[in-house]
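Notes follow once the structure below has been shown.
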Amino acid sequence: MTATTPPVISLSSPTAVSEIASACSTWGGFVLVHHGLDSALLDQVLTLGHQFFDLPLEIKEKYNLQLHGAKWRGYMPYGGERSCGGQQEDAKEGLYLGDEHPSDHPQLGLPTFGSNVFPNEEIPAMKDVYVEYHKQMKELGNRMMRVLATGLELPEDTIEQNVTQYDPVILPRAFSYKPQQAEQEGQQWGIGEHSDYGLWTMILTNAPGLEFQHPESKQWCAVPFVPHGIIMNVGDVLDRLTGGKFISPFHRARNLSSTEQRLSLPFFYDPSWTAKMTALPLPDTQNDTQQRVQERWAKTKIRCQFDGSVEYSEFLAKKVANVFPDLIPEAHWKHLQSTSEPSTRHVLVVETPDASIAGKVRERVIQFYHDHQGHIKESHGMKHIRRVYEHATKAVHAHVPPLSSQQSMLVLVAALLHDVDDTKYFPSHTNYEHARQIMSHVEGLQEQQQQDAVVELISYVSCSQNKNRVPPAVAANNAYWKLIPRYADRLEAVGRIGVVRCYQYNCEKGQLLSSENTPCPQTEEDVWKLATPRRFEAYNGDSDDMISHYYDKLLHVARPPPNVVRNSYLEKRALASSKELVEVCLRYGRTGVVDEAYIRSLAY
Ligand SMILES: O=C(O)CCC(=O)C(=O)O
Ligand SMILES: [Fe+2]
């Protein structure tokens with residue numbers, strides 16, 4: 001018979017090693033007591049954690065991790081993580097922390113390396129207490145590695161020698177789980193069902209709420225709450241290193257209280273940055289069935305072999321590639337496709353500092369959108385800018401003949417600044433005031449002439465003012481590269497999202513989706529013939545119905561004439577972004593009705 005809850009184990013018990021090994025191969029975790037950490041220190045950590053999360057949001061936002069680059073430290077607001085299949089936001093906010101690396105650390109600049117972001121002004125005591133706590137937790141982690149190795153009947157330093165190399169990557173976090181809100185239906189999970197991807201997890205918490213799924217019975221079971229106890233569990237990497245002997249358990253957590261915050265401080269203790277992922281030399285005795293091991297591994301994000309061919313840093317790089325899109329460009333992790341899937345858990349994108357002129361502008365633009373949160377709609381915010389910037393970067397790389405560094409810089413800066421004077425939000429701006437103001441703070445862009453050069457490119461972006469026209473200054477000098485920001489921006493207006501937005505807009509306004517005059521194209525060619533350039537030129541902001549809007553505007557935005565775009569990347573992406581629009585027109589052509597179910601299916 002299996003126990004109904006994960007065990008509570010005393011580290012001072014003479015049988016601790018075998019009890020821990022047994023817990024790791026049945027439940028994948030346990031609660032550790034008599035671990036040697038000072039209770040007063042743990043209480044202080046929790047009290048200071050509460051003080052941090054009780055700070056007003058504007059103060060916490062000062063420490064937002066998006067402002068701190070690849071070191072991946074700082075405040076994570078609500079909505080920054082989604083663990084339940086990516087749909088729902090986790091009901092928690094957090095503070096991401098790490099080892100306090102000195103300013104001359106050789107790995108500074110790599111993801112996770114750097115100094116912590118503590119609220120030193122508001123809570124001066126926090127830093128020292130947390131740094132001490134991290135030191136003690138790391139020592140406890142080291143000790144656990146020796147216990148685990150002994151439990152696996154290996155020499156006690158096996159894991160430290162080969163996996164953590166006496167220098168584990170540690171990723172401590174503090175989370176505050178929102179109280180359950182009565183008006184919301186169902187339970188709000190602070191973190192949905194998941195397994196931890198690293199080596200070993202140690203959690204300090206102030207309240208119950210964590211559940212493990214029993215690996216055999218698949219039942220969800222509450223982990224006992226023991227004040228000052230440290231909950232420990234196996235991560236996916238350790239599961240793989242032990243060939244499935246130690247189980248990385250599925251678990252989830254929520255706040256059971258409707259009035260109090262639940263604090264939880266998971267301390268992720270991982271292999272060293274440079275460790276090779278090599279399975280431990282264990283006898284082939286599996287305690288878990290092969291089928292169950294395979295099923296479990298298939299559910300994790302790990303795709304590499306544990307045969308020494310992959311370094312932990314590569315694994316982590318692929319894993320966090322979508323959190324650090326700039327630091328780890330696609331080309332660097334593409335070949336790691338087989339290593340691990342990108343993380344879906346972290347949805348916040350961390351910008352990485354860049355000393356170039358465009359890099360400096362980007363930092364100021366991040367700050368700009370941060371300061372105007374609430375005033376500017378999210379769909380027009382930093383996420384949009386980042387995507388346009390990415391398209392512009394790729395278009396610059398694809399450009400033939402290659403652009404000079406000055407031209408590339410103008411394109412990238414214009415892509416970053418093209419919306420900061422959006423007349424929807426700043427109707428009084430007539431001379432790109434925000435763009436100029438931002439540039440005036442950046443060395444290399446302070447002269448009027450340089451600012452005018454950027455503003456020229458921005459002025460070509462607006463769809464209503466420019467349509468697909470080629471400005472005389474562009475045509476005369478064959479300077480089609482100046483249209484890159486325009487077409488990079490337009491890629492973001494169409495595709496699936498464009499179809500869905502246009503549909504929602506028409507529904508909200510109670511406008512017709514089609515009319516008796518709507519044409520019925522039978523082939524893709526027919527669709528493009530119907531979208532005549534003249535129609536776009538005549539369009540003044542009003543369309544008769546949703547499908548008319550496709551022919552008036554969207555199809556022209558989606559696929560501008562190649563002799564205007566003149567850039568292989570932008571053309572290729574434009575072609576892809578027109579697919580759904582054409583499909584809606586063709587479905588109409590076949591049936592004479594707008595296929596609303598198809599459009600709605602694009603929303604997911
Ligand atoms: O809050 C907890 O108790 C668990 C947190 C957790 O599982 C995680 O952050 O990975
Ligand atoms: Fe977890």
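A short reminder: the numbers here are calculations on the coordinates, not readings from a lab. As the structure is a prediction and not an experimental result, all values here were calculated from the model. Backbone-built Cβ (ideal geometry, glycine too); neighbour counts: all protein chains shown.
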Inset, instruction - Excluding residues fewer than 8 places away in the same chain, name every one of the aspartates and glutamates whose C-alpha is closer than 14 Å to that of LYS71. - result: ASP99, GLU100, ASP326, GLU351, ASP354
Inset, instruction - Please label the shape of region 1-71 as rounded, prolate or oblate, based on the square roots a ≥ b ≥ c of the eigenvalues of the alpha-carbon gyration tensor (a/c under 1.5 means rounded; beyond that, a/b larger than b/c means prolate, else oblate). - result: prolate
Inset, instruction - About the Cα centre of region 474-533, how large is the charge dipole given +1 on each Lys and Arg Cβ and -1 on each Asp and Glu Cβ? Please answer in debye to the nearest 20. - result: 300
Legend entry - the chain - Rg and Dmax from Cα coordinates, angstrom: 27.7, 86
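What does the charge add up to near ILE20, with Lys and Arg as +1, Asp and Glu as -1, over the other residues with Cβ less than 12 Å from its Cβ? Don't jump to the answer; show the numbers that get you there.
Working: positive: ARG143, ARG146; negative: GLU19.
Combined, the nearby Lys, Arg, Asp and Glu give +1.
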Inset, instruction - Rounded to the nearest 0.05, what FRET efficiency do SER568 and GLN465 give with R0 = 35 Å and r taken as the Cβ-Cβ distance? Could you check? - result: 0.85
Legend entry - Amide hydrogen neighbours beyond the local backbone of PHE30, cut-off 5 Å, H modeled: MET232
Inset, instruction - Determine the relative contact order of region 29-273: mean sequence separation of Cα pairs under 8 Å and six or more apart, normalised by residue count, in whole percent. - result: 24
Inset, instruction - Order these peptides, 50-59, 583-592, by their mean beta-carbon neighbour count within 10 angstrom, highest first. - result: 583-592, 50-59
Inset, instruction - Please report the relative contact order for region 202-267, taking Cα pairs under 8 Å with a sequence separation of at least 6, and give it as a percent rounded to a whole number. - result: 44
Inset, instruction - Would you compute, from DSSP H runs of 4+ residues alone, the mean residue ellipticity of the chain at 222 nm, taking -39500 (n - 2.57) per run and dividing by the full residue count, rounded to the nearest 500? - result: -11500 deg cm²/dmol
Inset, instruction - May I ask which of LYS62/LYS383; LYS394/LYS509; LYS482/LYS579; LYS482/LYS553; LYS383/LYS553 have a Cα-Cα span longer than 29 Å here? - result: LYS394/LYS509
Inset, instruction - Scan region 113-198 for chymotrypsin sites (Phe, Trp or Tyr not before Pro) in coil per DSSP, keeping those whose Cβ has at most 11 other Cβ atoms within 10 Å, and list them by number. - result: TYR166
Legend entry - Nitroxide proxy distance, nm - points 7 Å out along Cα→Cβ at GLU508 and SER440: 3.5
Legend entry - Most positive-pole-ward Cα, GLY510, GLY495, ALA597, against dipole of region 449-604 from beta carbon charges: GLY495
Legend entry - Spacing of the two label points (7 Å from each Cα toward its C-beta) at ASN142 and GLN367, in nm: 4.0
Legend entry - Cut-off 12 Å between beta-carbons: net charge of the residues surrounding TRP273, Lys and Arg +1, Asp and Glu -1: -4
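Multiply the residue gap between GLU378 and ASP167 by 0.36 nm, knock off their C-alpha separation, and tell me the result in nm, one decimal place. Please list the in-between numbers first.
Details: separation 211, 0.36 × 211 = 75.96 nm, distance 4.04 nm.
Working it through step by step, the gained length comes to 71.9 nm.
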Inset, instruction - Using 0.36 nm per residue of separation minus the Cα-Cα distance, give me the extension gain between ILE497 and GLN219 in nm, one decimal. - result: 96.1 nm
Legend entry - Mean-position separation - Cα centroids, region 379-424 and region 552-604, in angstrom: 23
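So for the chain: antiparallel DSSP bridges make up what percent, rounded to the nearest 5? Please report the intermediate quantities before stating the final value.
Working: 43 of 48 bridges.
Antiparallel bridges make up about 90 percent of those DSSP assigns within the chain.
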Inset, instruction - Over the chain, calculate the relative contact order: mean separation of alpha carbon pairs under 8 Å at least 6 apart, over the residue count, as a percent. - result: 11
Inset, instruction - Set the Förster distance to 22 Å, then compute FRET efficiency between SER428 and ILE59 from the Cβ-Cβ distance, nearest 0.05. - result: 0.10
Inset, instruction - Compute the acute angle (0 to 90°) between the alpha-carbon long axis of helix 382-398 and the principal axis of greatest extent of the alpha-carbon atoms of the chain; round to the nearest 10°. - result: 70
Inset, instruction - Sort region 109-230 into rounded, prolate or oblate with this rule: let a ≥ b ≥ c be the square roots of the eigenvalues of the Cα gyration tensor; rounded if a/c is under 1.5, and if a/c is not under 1.5, prolate when a/b is larger than b/c, oblate otherwise. - result: oblate
Legend entry - Segment GLN305-ALA538, length gained on full extension (0.36 nm per residue, minus Cα span): 77.9 nm
Legend entry - Between 0 and 90°, nearest 10: helix 16-26 axis offset from the chain longest Cα axis: 40
Inset, instruction - Using only Cα atoms, tell me the angle between helix 448-459 and the longest principal axis of the chain; keep it within 0 to 90° and round to the nearest 10. - result: 80
Inset, instruction - List the GluC sites (Glu not before Pro) within region 440-530 that fall in a DSSP loop (any state other than H, G, I, E or B) and whose Cβ has at most 11 other Cβ atoms within 10 Å. - result: GLU443, GLU447, GLU516
Legend entry - Calculated FRET efficiency for the pair ASP157/GLN294, C-beta based, R₀ 45 Å, to 0.05: 0.90
Legend entry - Cα shape, region 512-585, gyration tensor, a/c 1.5 rule: prolate
Legend entry - Paired Rg and Dmax values of region 29-273, which use every Cα atom, in angstrom: 17.7, 55
